[in-house]
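Q: So that we are looking at the same thing, I have put the structure below in structure tokens.
Values quoted throughout were computed directly from the atomic coordinates according to the rules given, and no laboratory measurement underlies them. Keep in mind the model is a prediction, meaning the values are calculated, not measured. All Cβ positions, even for glycine, are placed from backbone atoms using ideal geometry, and neighbour counts span all protein chains on display.
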Amino acid sequence: MTTTAPTATAHRSGRRFETARQVADAVLFEGYVLYPYRASAAKNRMRWQFGVLVPPAWAPAQGEHSLQRTEILMEPRGAATLSLELRFLHAQRRTVQEARADGTFTDTAALHLPDRVLVPWDEGTEERVELRVAVPELTEKEIVLPFTRPAREDVEPVLDDHGRTVGRLVRRTQEAEGVVRLHAEELEGPYRVLKLTAVVENTSPWTPDGPGTAREEALPRSLVAAHLLLGLNPGSFLSMTDPPEWARSAVAGCANLHTWPVLAGEDGRADVVLSSPIILEDHPAIAPESAGEMYDATEIDEILALRTAALTDEEKREARGTDPRAAAVVDLAETLPPEVLERLHGAVRSLRAATGATVPGEPAPDALFTPETPWWDPAGSAPAEPAPDRVLVDGTPVGPGSRVTLRPGLRRTDAQDLFLQGRTARVEEVLHDVDGGVHLAVTVEGDPGADIRREQGRFLYFQPDEVTALEEP
């Protein structure tokens, strides 16, 4: 059993994790910095919303979590070894200081340079914790691996075009502590199957100053965007979304909290698992058309590239000074050749011949909806009537201002919605789509970023059968 520094992982995990790491990087930096990539942008005020494991003393009062639990089935063969890689971001607070004539430095809200504007910002450094253990050890006892990332302070001088010191960046990192717990138990059944349990927990002893302590104070002691890579050699994992029939009941008995495991790595293989705070399908992959990392919650690359290239010079200077990753996005958008940008416009993944033959399970060609009037013709639809702003939920009218309890549907939502099971929320809008569907736009009660979400119109959406109406006070 070993744990290694962040830079000493590749030679141990080998090529098996390479494909999974590409997807994991998209998860790790999901929403790291949002377009327009400037610290001053309203939507960059609340940082990191995926897989944040906060100190246990702060979690209960704020509705966030200090641990995540992964359970998955595996079929080891022979003298199998389990490889684990925990990856997370460690937030570090960057302050900007300006040089004074007497050789001292003073904090400043912005340091203007010809190519960028440096501003205070919270950066995230990638951390890894690695573990290798023989499978028989996992069935004999729980394997416990504590880890610590120490507090530190780094100073980086800022020089002008003539090499003179005009300021400096001071980066302060708080100590973060955690533990990985591993255990496996053999299940009864027609084949030798083990249920693996992997728990990642923030064990920081830090305590908030009081009930009003801001989230920004907890983040430097948190494990941000925490996720696991698991590898079995020799052997295979069972899919949690499409298990064989004989294993369905055992899969249903697995309890995954604040994370979801999927088969990763190359297609056709089942020896690597990515357990992420975002629900993915088995064997996720980065689109080959992608020209680089945009860090903006996996939004469409083409739109981000075009909008970033259209920023003003002053906006680009601020983006470059916000974060090195934001600077890389600006440089990428400015240097994309036309043929690469055209490739981002879209790709056809599969084709099916349009013939008179029917396909089992699909409607016959003449059964398809073919209106006499094209969709774009105003005569093709009746005059629109105002959509009702209230909807009945179990006989109770629900509309803007109503309070509801969230009951997300398991097959039509993602991890962020599932984590909100049982939380109360306020309905902001009742929306109607072109297919006649009704959607409730809500903000979660107790969400520290609710005001910002409301200001930007960035809501969570649920269907009426996914909520329970609460009695009005």
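Q: Give the share of C-alpha pairs in each 10 angstrom bin for segment 57-134, from 0 to the last occupied bin, in whole percents, shortest bins first.
A: In order of increasing distance, the bins hold 12, 23, 22, 19, 13, 8, 2 percent.
Q: Through the Karplus equation 6.51 cos²θ - 1.76 cosθ + 1.60, θ set to phi - 60°, convert the phi angles of segment 131-146 into ³J(HN,Hα) values in whole Hz; use x for Gly and Pro.
A: 9, 10, 8, 5, 4, x, 5, 5, 7, 8, 7, 7, 8, 10, 10, x
Q: Kindly rank 72-84, 240-252, 128-140 from highest to lowest mean number of other beta carbons found within 10 Å of each residue. Intermediate results must be reported in sequence, preceding the final value.
A: Details: 72-84: 19.2, 240-252: 13.5, 128-140: 17.4.
Final packing ranking: 72-84, 128-140, 240-252.
Q: For segment 165-321, what percent of Cα pairs sit more than 19 Å apart?
A: More than 19 Å apart: 71 percent of the Cα pairs in segment 165-321.
Q: Ordered by packing density, taken as the mean number of other Cβ atoms within 10 Å over each peptide's residues, highest first, how do 259-270, 328-339 rank? Please list the in-between numbers first.
A: Details: 259-270: 19.5, 328-339: 15.4.
Sorting 259-270, 328-339 by mean packing, highest first, produces 259-270, 328-339.
Q: Something else now. Count charges around Val340 for me, please; just the other residues with Cβ under 11 Å from its Cβ, Lys/Arg as +1, Asp/Glu as -1.
A: On the way: positive: Arg343; negative: Glu289, Asp301, Glu302, Glu339, Glu342.
Surrounding charge for Val340 is -4.
Q: Separate question: Can you compute log10 of I(q)/I(0) for segment 163-233 with the Debye formula, treating each Cα as one identical point scatterer, at q = 0.25 Å⁻¹?
A: -1.20
Q: Please report, for the Cα atoms of segment 78-190, the Rg to one decimal and the Dmax as a whole number; what are they, in angstrom?
A: Cα-based Rg and Dmax for segment 78-190 come out at 23.0, 78 Å.
Q: Please give every one of the lysines within straight-line cross-link reach of Lys195, meaning a C-alpha to C-alpha distance under 24 Å, and leave out same-chain neighbours fewer than 8 residues apart.
A: Here the lysines satisfying the reach criterion relative to Lys195 are Lys141.
Q: Take segment 129-212, drop everything but the C-alpha atoms, weight them equally and run the Debye formula without solvent; then report log10 I(q)/I(0) at 0.21 Å⁻¹ to two decimals.
A: Rounded to two decimals, the profile gives -1.01.
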